[in-house]
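The values are calculated or read from the model by the stated rules, or taken from the named source; none is laboratory data. Please read all numbers here as calculations on a predicted model, not as lab measurements. All Cβ positions, glycine included, derive from the backbone under ideal geometry; neighbour counts span all protein chains shown.
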Amino acid sequence: MRARIWWIVQACLLVPQLALAAPTMLIHAGRLLADPATGRVAIEQTIVVRDGRIAEIRPGYVRDGGVVVDLSKLFVLPGLIDSHVHLCHENGPNDAMNRVTRTSADWAISGAGFAARTLRAGFTTVANLGDDNEAIFALRDGIARGDIPGPRVLAAGSVISPHGGDGDVHGYRPDVAAAVRRPTLCSGADDCRRIVRQQIGRGADLIKIVATGSVLADIDQGVGRQFMADELRAIVETAHSLGRIVTAHAHGADGLNAALLAGVDSIEHGTFLNDESLRLFKKGGAYLVPTLLAGDTITTWANDPNSFLSPLVRTKALEVGPQMIGATQRAHASGVKIAFGTDASLARHGSNAREFALLVRAGFSPLDAIRAATVTAADHLGITKEAGSLTPGKPADVIAVDGDPLTDVAILEHVRFVMMHGEVYRNDAGP
């Protein structure tokens with residue numbers, strides 16, 4: 001009798017689970033980028049999705065055994081990856097005031113809106129390289145739980161910078177600066193080790209450092225090196241020992257090369273790279289994340305006679321922005337590994353795909369550019385088992401567009417369908 005009661009209870013518990021189970025989905029792909037690495041396109045395929053993952057990909061249009069999603073007139077690709085975003089804000093004329101008036105909760109709420117916009121643009125994975133710790137970790141975790149829509153987020157949290165460097169606070173009176181200063185400033189190798197451990201303990205998925213001066217910091221420090229060699233080594237060694245990659249904001253060749261010598265895994269921007277930089281990139285296997293959209297945006301701002309940029313920042317923007325496409329072109333021609341990243345927050349969230357056309361201007365083929373946002377970005381971030389291609393066993397992160405992005409990559413600026421982990425977040429493909 002007890003055994004019978006136990007089975008009845010288990011059956012009752014199972015009923016709601018069965019009722020809530022997601023149905024198998026049959027995605028009819030008219031054209032499918034079956035292998036981003038080679039550019040192989042398959043015609044009239046069915047992607048079978050079960051429990052949020054790709055179960056199999058079958059030739060022809062399978063109609064039985066699931067709910068059909070008709071993308072037969074569209075070009076289907078893996079969800080895109082942006083390796084450099086800042087989801088919790090967008091830059092603008094109120095930056096200085098926002099820093100002293102907005103709370104972590106405010107930044108997180110803004111981030112929820114920007115995350116949804118990014119996902120609807122076809123980017124199902126992002127690396128967030130610098131935002132308020134509490135805000136971005138809460139946003140990342142809320143998306144992962146399914147509380148809010150957004151892309152898969154790998155979050156660095158607050159960036160690591162030397163005291164007084166461009167990652168510090170400038171332009172405020174001392175007591176205000178002390179109140180809003182990042183908790184991730186360090187001086188000396190031991191202090192930098194401590195900060196890396198602190199960030200990882202807080203939940204950072206990767207480490208972001210400010211290796212050179214930056215454009216938007218309103219202080220006259222140029223865009224050259226800021227960390228010392230022993231500090232850089234301490235950061236990289238500590239992060240690697242704890243299983244995290246390190247990426248470095250770097251414009252000037254001196255700081256860029258110092259970061260590469262220390263063993264960083266990638267460089268963001270790379271504006272003034274030189275022959276030694278190219279040698280170090282290839283020797284260490286580091287990636288370049290060019291962020292050409294950021295360069296295009298700051299150049300536009302700087303050339304606007306009514307720009308909100310200060311005269312100092314405008315000068316740096318005109319020095320850096322126009323150089324970025326040439327640097328990327330040189331790196332690509334030299335065989336440096338390049339991952340897609342936009343630095344979204346300068347450019348508006350949701351406009352990330354504009355980076356593709358800029359990469360083509362830098363000498364990429366459309367397929368090269370798509371690789372940078374799929375298989376190459378996944379390899380860079382260490383997530384090849386979860387993203388970057390449509391492969392059985394991986395989460396069903398699927399997008400679709402009209403036309404052929406292998407001919408005109410700007411088509412990716414107009415995504416018609418977005419699925420992430422088996423859930424549809426956008427479907428403008430029609431009935």
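Table for the structure above
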| item | result |
| --- | --- |
| Residue in segment 254-277 that is surrounded by the most Cβ atoms within 10 Å (Cβ to Cβ), counting only those that are hydrophobic (A, V, I, L, M, F, W, C) and in a helix (DSSP H, G or I) | L256 |
| Residue identified as at pLDDT below 95 and of a type in the set (S, T, N, Q) among N128, N98 | N98 |
| Qualifying residue in segment 220-241 (condition: outside any helix (DSSP H, G or I), in contact with a Cys (Cβ under 9 Å, 6 or more places away or on another chain), under 21 Å from V169 (Cα atoms) and at pLDDT 95 or above) | yes |
| Residue count for segment 286-305, restricted to those that are crowded, with 24+ Cβ neighbours inside 10 Å, hydrophobic (A, V, I, L, M, F, W, C) and part of a helix (DSSP H, G or I) | 4 |
| Single unsatisfied condition, R314 versus (1) surrounded by 16 or more Cβ atoms within 10 Å (Cβ to Cβ); (2) in the same structural domain as R58 (by TED's automatic domain parsing); (3) among the charged types (D, E, K, R) | (2) |
| Some residue of segment 298-309 being under 26 Å from R117 (Cα atoms), in the same structural domain as L278 (by TED's automatic domain parsing), in contact with a Phe, Trp or Tyr (Cβ under 8 Å, 6 or more places away or on another chain) and β-branched (V, I, T) | no |
| Members of segment 152-206 found to be among the hydroxyl-bearing types (S, T, Y), part of a loop (DSSP other than H, G, I, E, B) and at pLDDT 95 or above, listed by number | S158, T184, S187 |
| Residue pairs meeting the criteria (Cβ under 6 Å; at least 6 apart or on separate chains; first closer than 14 Å to L261 by Cα, in segment 214-242; second among the charged types (D, E, K, R)) | R225/D254; A234/R193 |
| Filter result for P149 (modelled with pLDDT of 95 or more, in contact with a Gly (Cβ under 9 Å, 6 or more places away or on another chain) and either in the same structural domain as Q199 (by TED's automatic domain parsing) or buried (at least 24 other Cβ atoms within 10 Å of the Cβ) (or both)) | no |
| Residue pairs meeting the criteria (Cβ under 8 Å; at least 6 apart or on separate chains; first touching a residue at least 60 places away in the same chain (Cβ under 8 Å), in segment 173-185; second aromatic (F, W, Y) and part of a loop (DSSP other than H, G, I, E, B)) | V180/Y172 |
| Segment 361-371, subset out of contact with any helix residue (DSSP H, G or I) (no Cβ under 6 Å at 6 or more places or on another chain) and aliphatic (A, V, I, L, M), residue surrounded by the fewest Cβ atoms within 10 Å (Cβ to Cβ) | L367 |
| Answer from V360, V375, V401 - the residue that is over 14 Å from the mean Cα position of the chain (by Cα) and closer than 26 Å to A286 by Cα | V360 |
| Residue among I47, I81, I27 that alone is surrounded by 23 or more Cβ atoms within 10 Å (Cβ to Cβ), of a type in the set (A, V, I, L, M, F, W, C) and touching a helix residue (DSSP H, G or I) at 6+ places or on another chain (Cβ under 7 Å) | I81 |
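Conditions tested, residue by residue: (1) free of Cβ contacts under 8 Å to residues at least 24 places away in the same chain; (2) in contact with a strand residue (DSSP E or B) (Cβ under 9 Å, 6 or more places away or on another chain).
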position	(1), (2)
S307	yes, no
E319	no, no
T342	no, yes
L346	no, no
N352	no, yes
I383	no, yes
A387	no, yes
P395	no, yes
V398	no, yes
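One line per residue, one yes/no per condition, for (1) touching a helix residue (DSSP H, G or I) at 6+ places or on another chain (Cβ under 6 Å); (2) of a type in the set (S, T, N, Q):
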site: G335; (1), (2): no, no
site: I338; (1), (2): yes, no
site: L346; (1), (2): yes, no
site: H349; (1), (2): yes, no
site: N352; (1), (2): no, yes
site: A357; (1), (2): yes, no
site: L381; (1), (2): no, no
site: G388; (1), (2): yes, no
